[in-house]
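Here's the structure we're looking at; comments come further down.
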Amino acid sequence: MTASTNSIRNVVLPVLLAGLPACGGSFYEVPVETPLQPKLDVSGFQRVLVAGFVSGGSDEVDTNLETARLLRSQLRSNSEFQVIDADVLELTSVAEEQSAGRPEFEALGGNGETGADAANGDDEEGGESYSEDDLEILEHIFANASYWQELGEEYQQPLIVTGTVYFTPHQRSGMVTRQREVYDEFGRRRVAPVRAYRDRRGYILSPKFIFIDGRTGATLYTERHREEILYDASRNTPALSSYFELMDRLIPSFLSTLSAETIKGTRMLLK
Amino acid sequence: MFIRSAVVVCALLAASAHAVTADERSDARAQVEFGIEVVRNGLWKEAIYRWERAVEIDDSYAAAWNNLGIAYEHEGMFDKAREAYERALDLDPGNLMIQQNYDLFREINDRINELDP
């Protein structure tokens, strides 16, 4: 459901109804609250641990730390869960340790310098760490049930939220359509679409949220997102602002995995 | 003689059936109105009971089906809500308000289907 559709309806419907005959008072507008159940049955959990994330892409933002902080804050405000306030795990390092000796990881260089070390500021040159494909190689950590079960025991078997986060600069040049004010010979203003070639820069955010049962270490549910944002190249938007802008788009979907939502609206009862 | 008797009997039966339908319609309307009253006090389950009675009495009562659609939707019974709205639209396809209710319901229902893993 889009906000624009609803807003159009909110305007159009009363106008249409005003045009109808009164029907002898044969209809009544009632407010309704449509319940949406969470995607995941979390009735067995009262506590949630946002453990940390395997991160890749740009080093401009510590996506592991920022994602964990943001999700914890959102869960505190918008769910019934007791959110465990623990140190955020350097999960990239853990995944690297667990990957040591695996041929696909060794093929990457198996150096471990790109992920966690960069996040710790050890990568003097900055720039890219793991690519999106590289992160998939590290994802086997999520299948390591004994690791998650052990972590679950440490925090009294909560629901564990973890996953991967890939955040990277992105640029795309091409024709874009913009609205431009023009005035005719009578001085009347109108807005006309104008196509122009533009250099645009921005970011891609591609997180994968994984929900793990802290009692068994088993993965309960996985949710993947991909969002991008582009700005005019002349705009200098900080990476952290772009990161939060992109996360804002994903948060409703993340929250609806764990908690029920209610959609408010109105309907017409008839006699 | 036999044919004339048969015609008379058929006419009587038809008249009787028509009278019963009118009564039923009146009963059904009373149930619908009562349902609207209780919804105004937030008693949706009671309203469902009333509107289910109304369609039991008169299966062709589009307004009752529409109201049932709304009530089922409010209670999160989406499959039943869809059936009720569609039945209402079958019975009264030109009704803008039923169509509007159904369209709004479908937007939410589509979202629920998207959410289903």
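Values as computed for the structure displayed
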{"quantity": "Reach of B:LYS80 by Cα under 13 Å, taken over aspartates and glutamates that are not fewer than 8 positions away in the same chain", "calculated": "B:GLU52"}
{"quantity": "Centre separation in Å (Cα based) which lies between segment A:140-212 and segment B:52-117", "calculated": "36 Å"}
{"quantity": "Selection of GluC sites (Glu not before Pro), segment A:56-101, meeting DSSP coil and at most 12 other Cβ within 10 Å", "calculated": "A:GLU80"}
{"quantity": "10 Å Cβ neighbours from other chains, averaged over peptide B:95-105", "calculated": "5"}
{"quantity": "Rounded, prolate or oblate (a/c below 1.5 giving rounded, otherwise prolate when a/b exceeds b/c) for segment B:18-93 by Cα gyration tensor", "calculated": "oblate"}
{"quantity": "Trypsin sites (Lys or Arg not before Pro) lying in DSSP loop within segment A:182-250, provided at most 10 other Cβ fall within 10 Å", "calculated": "A:ARG188, A:ARG235"}
{"quantity": "Interface residues, segment A:223-269 - accessible area loss of 20 Å² or more versus chain alone, probe 1.4 Å", "calculated": "A:GLU261, A:ILE263, A:ARG267, A:MET268, A:LEU269"}
{"quantity": "Size of segment A:219-271 as Cα extents on the principal axes (Å, biggest first)", "calculated": "60, 36, 14"}
{"quantity": "Whole-Hz couplings from phi, Karplus 6.51/-1.76/1.60, listed for segment A:136-142; x for Gly and Pro", "calculated": "4, 5, 7, 5, 4, 4, 6"}
{"quantity": "Hits among lysines - C-alpha to C-alpha of A:LYS208 under 16 Å, sequence gap 8 or more where chains match", "calculated": "A:LYS39"}
{"quantity": "Estimated buried accessible area (total), pair B and A, 1.4 Å, Å² to nearest 100", "calculated": "2800 Å²"}
{"quantity": "Shape call, segment A:128-271: gyration tensor on alpha carbons, a/c limit 1.5", "calculated": "oblate"}
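The values are calculated or read from the model by the stated rules, or taken from the named source; none is laboratory data. This one's a predicted model, so the numbers in the text were calculated from it and none came from an experiment. Cβ coordinates were reconstructed from backbone atoms using ideal geometry, including for glycine residues, and neighbour counts include every protein chain displayed. To get the accessible areas, we keep the full protein, side chains included, count just its heavy atoms, and leave off ligands, DNA and RNA. Shrake-Rupley method; radii C 1.70, N 1.55, O 1.52, S 1.80 Å.
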